[in-house]
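Data block below; observations after.
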Amino acid sequence: MNITLLAINSKYVHSSLAVWQLASGLRMHCRQPHDVNVIEATINQDCAQIVARIIAQQPDVLGISTYIWNAGMLPQLLVLLRAQLPSLTIVLGGPEPSHNKEHWLANGADYVITGAGEQPFAALIDSLAGDTNNSTPLPVDPYSEDYFRTLGGRIAYIETSRGCPFCCTYCLSGESKLEFLSLDMVKAQITKLAFSGTRTIKFVDRTFNANAQRAYNIWAHVLSLDSDCCFHFEVAADLFNETSLQLLSRAAPGRIQLEIGLQSFHQPTLAAVQRSTNLELAEENIRCILAHGNIHVHVDLIAGLPHESLAAFAQSYNRAYALGAHKLQLGFLKLLHGSKLRSQAQTLGLVYQQEPPYEIISSPWMSENDLQWLNIAENALQHTYNQGRFLSALDYVLSASQLAPLDLFHGMGSAVLHQATPLAEYTMQLYAYFGTLPHVDKKALRDHLRCDLLRTTRGQCMPAFLQCDGKARKQVMQRASEMLARPISAKETAVLEDGRGVYIDSTQRNPVTGLYPIYFLQLQ
């Protein structure tokens with residue numbers, strides 16, 4: 001049979017692990033060989049373009065990997081496929097159809113595979129081909145020559161375990177048995193990926209460090225590789241032990257990224273969603289990791305969870321911001337098919353979108369206006385702090401004005417809505433807003449903005465009101481060139497309001513923060 005597997009990723013830079021797992025499963029489990037082709041598209045492509053690529057393969061069976069980010073475009077895609085390939089057998093799998101089978105079977109799918117799909121999909125293909133398949137599920141290796149040819153330097157994904165030991169009611173992984181893949185196989189796969197040309201390898205394990213000793217072994221293997229890849233892990237901050245913390249403290253800068261889901265600091269909320277976290281230990285471990293300066297840390301919060309009002313969420317947010325992580329993700333609750341919280345939604349009074357991504361609209365604890373208020377703050381957060389931009393200006397303004405972080409970001413988002421705004425113009429608008437805040441000195445503010453733009457853009461986007469020329473700047477260039485033993489451009493320098501010179505070394509970008517080192521000069 002001719003089988004095509006389709007992944008529709010949220011961005012081009014992403015790749016799909018699932019379709020290559022399925023392709024490997026077909027090779028391992030099917031009673032007879034089949035022609036298997038993989039198509040990776042993105043949600044930004046037109047449905048007609050994706051359908052044209054499928055038609056070019058002339059498949060007998062099409063398998064589609066389905067998630068909340070692509071489920072919204074699938075109805076149109078299925079209509080086009082039915083019109084142009086009426087005899088095509090369409091099989092859906094993934095989190096969306098696994099927990100919403102009746103909907104998809106009534107709207108274009110012939111079959112739905114629920115849960116792990118490698119062996120069941122192979123059994124279905126054998127059945128369609130007239131064979132009986134009684135194979136035992138086995139671990140598969142998705143990393144074929146075709147996979148690496150298709151990867152093309154995009155983000156690669158790897159799975160070392162399935163399931164999760166926790167039962168958070170908003171998540172689909174809760175209450176599923178935690179299973180680990182062979183450690184030897186995992187290490188071999190990591191090594192192959194590390195030298196494949198990709199720059200980032202993301203582990204899709206829901207709680208990577210659920211088994212502390214296993215996590216240590218994998219981190220030790222990662223750190224032993226002579227590779228420039230960055231390895232990204234989702235972890236629980238309160239599950240680190242001392243030996244893992246010591247190991248990670250020795251990682252080369254930029255080698256490891258950690259994504260830490262705190263979700264909330266509000267204890268009634270954590271209890272309501274059955275999330276068990278030692279918050280004090282989590283904070284202590286996050287600060288310990290950040291103190292070494294070698295690991296990029298990304299902290300997650302979820303707005304809209306039960307029992308957390310806007311005021312309570314603000315306390316969670318400000319406490320998380322104080323940790324000083326490199327990125328603070330302000331996400332909004334999604335009521336996923338199959339999650340316990342979705343089944344409780346009516347009882348709890350949760351109102352949410354009926355179409356993907358099923359985002360919260362209101363609850364008894366947060367009104368629609370409250371959530372819109374947070375969306376405004378999130379827009380500002382995404383375009384400043386989470387991009388590593390304006391960090392010293394933000395620190396200065398928070399200190400001078402004594403505003404709480406969430407209030408500052410809401411004020412920024414209200415005054416300066418970022419809609420593909422050029423950076424120089426956005427900087428001018430931020431300066432105007434910051435200048436209205438109590439106790440903010442505009443001269444000091446201009447200096448912070450100059451330094452921030454030097455450190456993030458090498459001065460390439462410096463607006464006119466922050467630029468400086470004349471003898472002082474030439475002196476900075478001359479002195480900086482002497483210090484760095486190489487020529488330096490005027491854009492990489494500035495003169496501050498107090499007469500000091502400042503310059504950056506554009507050859508030494510920090511692999512953890514993405515910032516260039518900055519130096520100050522006393523001018524005569």
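Just add up the charged neighbours of Gln57: K/R +1, D/E -1, any other residue whose Cβ is under 14 Å from the Cβ of Gln57. Display every interim value, and only then the final one.
Values: positive: Arg53; negative: Asp35, Glu40, Asp60, Asp146.
Charge balance in the 14 Å sphere: -3.
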Which order results if Thr427, Thr507, Thr277 are arranged by neighbouring Cβ count within 10 Å, fewest first? Thr507, Thr277, Thr427
Is the C-alpha gyration tensor of the stretch 2-128 telling us rounded, prolate or oblate? Criteria: a/c under 1.5 is rounded; beyond that, a/b larger than b/c is prolate, otherwise oblate. rounded
Quick one: which of 316-323, 304-311, 220-227 comes out on top by average Cβ neighbours within 10 Å, and what's the full order, highest first? 304-311, 316-323, 220-227
Lysine pairs, Cα distance under 23 Å, 8 or more residues apart or cross-chain: how many in the chain? 20
Ordering of 142-151, 356-365 by burial proxy (mean other Cβ atoms within 10 Å per residue, highest first): 356-365, 142-151
Fewest to most Cβ atoms within 10 Å: Phe520, Phe203 sort as Phe520, Phe203
The stretch 37-63 and the stretch 464-492 have their Cα centres apart by a whole-number Å value of 53 Å
Suppose the chain between Lys177 and Lys192 were pulled fully straight at 0.36 nm per residue; how much longer would it get relative to their current alpha carbon spacing? 2.6 nm
When the helix-only estimate is applied to the chain (DSSP H runs of n ≥ 4, each -39,500 (n - 2.57), divided by the residue count), what is the mean residue ellipticity at 222 nm, nearest 500 deg cm²/dmol? -12500 deg cm²/dmol
Using Cα centres only, tell me the gap between the stretch 200-239 and the stretch 407-436 in whole Å. 37 Å
For Ile302, Ile155, what ranking results if the residue with the fewest other Cβ atoms within 10 Å of its Cβ goes first? Ile155, Ile302
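Values in this text are rule-based calculations from the coordinates and carry no lab data. This one's a predicted model, so the numbers in the text were calculated from it and none came from an experiment. Ideal geometry is used to build each Cβ from the backbone, glycine not excepted, and the neighbour counts take in all protein chains shown.
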